[in-house]
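Down below is the structure, laid out as structure tokens.
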Amino acid sequence: MAKDLWQKLDIREWGGVFFVVVLAFVLRILWLPGNLFFGFEQGRDFLKLAEITSGNLALIGPGTDIPGIFHGALSYYVPLPFFLLFGGDPLWTQISFIAINCAAIVFLYKAVKDLFNSRVALVSSLFYAISYSAIIYSRWLSNPTLVPALTILILYFLVRAKKNNWSLVPMVLSWAVIFHLEIVAAITLVVPILAFLIFEKIRLNIKVVAICLFSVLLVLSSYVVFDLKNDHILLNGLKNYISAPKSGTSDFRGSMDQFSNELTDNIYPESRNVSLVIFWGMVVWVLAEVRKQKRNLLILLFLLISPVAYFVYGMRPQRHFYIFVPIFLSILFALFFDHLTRVRLGVMAVALLIFVTVFNLKTYYQRVPNSVGNFIHHAQRMYLSDEKALIDYVYHDADGKMFSYDYYSIPYWKKESWQYLFSWYGRSKYGYLPEENRTDTFYVLIEPDEIQPPYQNEWYDKLGDHSTLISFFESGKLKAEKRIVR
């Protein structure tokens with residue numbers, strides 16, 4: 001039996017998939033130890049994870065940018081096993097997320113192969129592996145980071161549901177987890193999921209539907225419990241958002257602008273116009289070939305639903321709201337590649353693939369090693385390795401004596417990242433925490449303010465009015481100063 005299985009396994013095919021997964025993993029971890037961002041939101045979440053491990057459980061996740069709307073509790077419980085396994089180390093927690101995102105490429109390959117063919121599957125997997133924006137999302141220590149992997153699972157289980165209705169159960173569970181991690185992404189995916197079920201004529205078993213509904217309600221039940229215990233804060237927040245006036249025209253313009261940025265970073269990062277020409281050329285091809293290849297419309301729907309949905313929602317989306325776009329853009333590109341090879345334009349197809357690969361890797365090499373031009377936290381410089389270096393300097397300089405610290409970081413006066421790092425790294429390595437109250441000798445931890453330098457200069461002048469600079473230490477863009485109160 002094992003021999004038969006080995007004979008059925010195409011070594012060349014799965015060897016190619018293995019190469020793509022390894023390539024994706026390497027691109028996502030290179031230079032990560034030196035530029036893993038650890039700012040306010042990361043510190044806030046890791047402090048909460050530490051609380052949960054002490055028995056203070058959570059019913060809700062961190063707040064969104066909309067007042068009264070929160071991410072789900074799974075935003076904490078999904079990373080919790082890795083937090084425990086690696087002793088609260090942010091770097092290894094992030095590497096775990098990267099491993100999951102890379103493993104999902106296998107499911108992407110399988111889903112696309114079953115939906116189209118192995119050539120489309122392999123090219124789409126390669127495109128996704130080298131996608132600059134997909135790489136950046138994978139290196140982001142935040143609750144949306146696993147949304148791409150879960151979206152791939154949704155596609156995989158939808159494809160499997162064509163033969164087995166029960167695959168819809170893990171599909172809706174994946175969707176419900178996304179709802180906890182990024183509400184807007186989950187809501188946006190509803191329409192293309194329903195369209196897939198209708199287009200592929202997937203007959204729904206009543207028993208399966210009932211279990212799916214129960215599963216979703218169970219996973220989302222923490223929202224209900226939290227809302228009931230907190231005077232309907234979630235329901236009121238939703239009502240306020242729906243009733244608030246919207247600016248549809250500007251929101252649609254902003255939505256399309258961010259969508260265009262996403263396309264550019266995936267196709268040809270050096271030219272937005274060239275990227276848009278290539279993309280809309282592929283869209284026109286799909287529409288022109290709709291009679292022959294109707295299934296391609298499903299991929300187009302998954303891809304284009306975001307800007308349309310955000311216009312309907314009346315919101316100006318942030319860049320990460322398009323976090324699952326690289327998945328379906330990779331499939332669209334692979335379908336176009338396959339079409340060119342079928343009409344005897346294989347040289348053009350290979351040239352286009354090389355073009356996209358070269359410029360994504362070029363952009364990667366230009367931006368990732370020193371974290372330059374990062375579209376997620378482009379104006380912040382709080383990197384874990386530099387933060388740890390500053391903490392080491394402070395403790396070594398204090399030489400066992402008690403000290404306190406002040407700080408300047410973006411966003412202003414949010415010290416959660418320093419709180420967590422002194423608790424996790426400083427106390428575990430040096431045995432004690434800084435004093436809460438100001439000591440005669442204290443340290444100031446400074447992140448450069450690239451948004452409002454005059455504001456930082458004013459703060460720094462006031463700092464000098466009541467303290468004297470003794471020495472300083474720099475790591476990356478961060479600076480630690482030793483000062484004495486006058």
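Read the figures in this text as sums done on the coordinates, not as results from a lab. Model, not experiment: these values are computed from the prediction. Cβ: placed from backbone, ideal geometry, glycine included. Neighbour counts: every protein chain shown.
Here is how the numbers come out for the structure above:
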{"read-out": "Candidates per chymotrypsin sites (Phe, Trp or Tyr not before Pro) in region 397-442, loop by DSSP, up to 11 other Cβ within 10 Å", "value": "Trp413"}
{"read-out": "Label point distance in nm, Ala195-Leu238, each placed 7 Å from Cα along Cα→Cβ", "value": "2.4 nm"}
{"read-out": "Rel. contact order, % - alpha carbon contacts under 8 angstrom, at least six apart, region 249-374", "value": "32 percent"}
{"read-out": "Unsatisfied cross-links (Cα-Cα over 27 Å) in the set Lys201/Lys292; Lys415/Lys479; Lys163/Lys294; Lys48/Lys388; Lys414/Lys477; Lys48/Lys462", "value": "Lys48/Lys462"}
{"read-out": "Folded to 0 to 90 degrees: helix 11-29 orientation relative to the chain principal axis, Cα", "value": "20 degrees"}
{"read-out": "Region 352-442, relative contact order in percent, only Cα pairs under 8 angstrom and at least six apart counted", "value": "28 percent"}
{"read-out": "Within straight-line cross-link reach of Lys401, aspartates and glutamates at Cα separation under 15 Å, skipping those fewer than 8 residues along the same chain", "value": "Asp392, Glu435, Glu436, Asp440"}
{"read-out": "Placed amide H near Lys414: partners under 5 Å, 5+ positions off or other chain", "value": "Ser409"}
{"read-out": "Between 0 and 90°, nearest 10: helix 384-398 axis offset from the chain longest Cα axis", "value": "20 degrees"}
{"read-out": "Rel. contact order, % - alpha carbon contacts under 8 angstrom, at least six apart, region 2-367", "value": "20 percent"}
{"read-out": "Over the chain: helical MRE at 222 nm, DSSP H runs n ≥ 4 each giving -39500 (n - 2.57), nearest 500", "value": "-20500 deg cm²/dmol"}
{"read-out": "Two-site label geometry, Leu463 and Lys415: point separation in nm, points 7 Å out along Cα→Cβ", "value": "1.3 nm"}
{"read-out": "Gyration tensor (alpha-carbon) shape descriptor, the chain, a/c threshold 1.5", "value": "prolate"}
{"read-out": "Theoretical FRET efficiency, 1/(1+(r/R0)^6), r = Cβ-Cβ of Lys207 and Val485, R0 45 Å, to 0.05", "value": "0.05"}
